[in-house]
Each structure stands twice: as C-alpha cells, then as structure tokens.
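Just so it is clear, none of the values below were taken in a lab; they were calculated from the coordinates. Model, not experiment: these values are computed from the prediction. As a convention, Cβ positions derive from the backbone with ideal geometry for all residues, glycine included, and neighbour counts pool all protein chains shown.
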Amino acid sequence: MSPIQRKHLRIHLGSVAYQRLRQEVLARDNWRCQQCGARQNLQVHHLAFRCQSGDDSEPNLITLCQECHAHMHGQFRSSRAKKS
C-alpha cells in the first residue's frame with residue numbers, strides 16, 4: 001500500500017501583500033507584456049489559475065497586457081487593428 005501524500009498547500013495572499021507581489025512581478029518583467037511587449041494596460045496573470053489550485057507566488061505570475069490576458073482566458077475580442 002502506498003503512503004498517503006500530503007495535499008499541496010497553496011499560497012493565497014491578502015490584498016496588501018498581493019499588491020506588493022504584483023508590483024514586484026511587473027518590475028521583474030520590466031513593465032512589459034511578456035507576450036507582445038506592450039507597456040500599457042498591464043495586468044498580472046496566474047499561470048496556474050487560482051481555481052485550479054494555483055497560488056499567489058512569484059513563479060506562478062506573469063505580466064500581460066489586457067488584450068493578451070483576455071486571449072489567455074479565451075476572450076478573443078481585439079481592440080488592435082489587424083495588419084493584412
């Protein structure tokens with residue numbers, strides 16, 4: 001019989017600590033979207049979603065612009081003009 005493994009305890013920060021971590025992630029990523037390089041409308045994205053036991057830790061966060069963040073969540077509305 002295999003031993004019972006402990007459940008991974010995820011890190012879930014309070015609002016003040018999360019805002020501090022968010023600023024650290026934005027600075028780490030040089031205030032640029034890590035997908036397209038944009039410098040406006042930046043957001044911090046959880047690589048492993050909170051609802052899927054992702055935690056509030058620096059390795060699980062990445063800087064994305066609003067459009068790339070929406071794309072990662074399956075919302076494909078684009079405000080940028082597409083080049084033909």
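Once you have a ≥ b ≥ c as the square roots of the Cα gyration tensor eigenvalues for segment 31-76, tell me rounded if a/c is under 1.5, and otherwise prolate or oblate according to whether a/b is larger than b/c. Oblate, since a/c reaches 1.5 and b/c is not below a/b.
With both labels modelled 7 Å from their Cα along Cα-to-Cβ, the Cys36 to Gln52 distance reads 2.2 nm. The relative contact order of segment 31-76, computed from alpha carbon pairs under 8 Å that lie at least 6 residues apart in sequence, is 41 percent. Label sites at Arg28 and His12, each approximated as a point 7 angstrom past Cα along Cα to Cβ, lie 2.1 nm apart.
Sorting 36-48, 55-67 by average packing, meaning the other beta carbons within 10 Å per residue, from highest down gives 55-67, 36-48.
When each of the peptides 15-21, 29-35 is scored by the mean number of other C-beta atoms lying within 10 Å of its residues, the order from highest to lowest reads 29-35, 15-21.
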